[in-house]
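One structure is given here, and the rest of the page talks about it.
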Amino acid sequence: MRILGIDPGLRLTGFGVIDVQGSRLQYVSSGTIKVPTELGLEQRLRVILENIGEVIQATAPQVAAIEKVFVNANPHSTLLLGQARGAALCALALADLPVHEYTALQIKKTVTGQGHAAKEQIQLMVKHLLQLNGTPAPDAADALACAISHAQFAPVLRQLEQHAELTGARRIRGGRLIR
């Protein structure tokens, strides 16, 4: 399975692509989309949309994982981040990729073992888990961590889907299954 991870941002959007074979993770590509701050909002969102589309075209992922927006002290910043995330989600939708969403807490806990890890810890663990020669940039590392998180959760999600099919259950909000 090839996974595209995205760490959305209006100034910097990180992306990371990994291949998963069993429990083995292999680095494919990563980087940071630098969005020119002098552009108007609509043009900045277009840069994110088009660049994510180019990454998808170049790497051919089968699934995407994206970080959920958290609400912080500044509602305006949260709204702008949500718009950047929306542009990335549109690129994923245009490519017909299945999308899975993870909170920053879930990603940090999956990759480092603690939910409040510093960016440097995430960078070091991503470097270690993917056996990279160098340390990835912070936003690229966050995107790779998002992809790694999905690689860890995917088998559980697959089992839930199989269980649902066998029992006739259907998924409701929060991932719980009902009959």
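The values are calculated or read from the model by the stated rules, or taken from the named source; none is laboratory data. Being a predicted model, the structure only gives us computed values, none of them experimental. With ideal geometry, Cβ positions are generated from the backbone for all residues, glycine too; neighbour counts draw on all protein chains shown.
Only one of 128, 116, 150 is at pLDDT 90 or above and more than 21 Å from residue 6 (Cβ to Cβ). Can you tell me which?
Just one listed residue meets the conditions, 128.
How many residues, within the stretch 10-60, are of a type in the set (Asp, Glu) and part of a helix (DSSP H, G or I)?
Qualifying residue count for the region: 3.
With 17, 35 as the choices, which residue is under 18 Å from residue 69 (Cβ atoms), buried (at least 17 other Cβ atoms within 10 Å of the Cβ) and either in contact with a Phe, Trp or Tyr (Cβ under 6 Å, 6 or more places away or on another chain) or touching a residue at least 12 places away in the same chain (Cβ under 8 Å) (or both)?
One residue alone meets the criteria, 35.
Scan the stretch 55-70 and report the pairs whose first residue is closer than 17 Å to residue 145 by Cα and whose second residue is in a helix (DSSP H, G or I) and of a type in the set (Ser, Thr, Tyr), with Cβ atoms within less than 7 Å and a gap of 6+ or a chain change.
Listed by first residue and then by second, the contacts come to 65/149; 69/78.
Looking at the stretch 61-74, can you tell me whether even one residue there is among the polar types (S, T, N, Q) and either crowded, with 20+ Cβ neighbours inside 10 Å or part of a strand (DSSP E or B) (or both)?
Checked the stretch 61-74: no residue is among the polar types (S, T, N, Q) and either crowded, with 20+ Cβ neighbours inside 10 Å or part of a strand (DSSP E or B) (or both).
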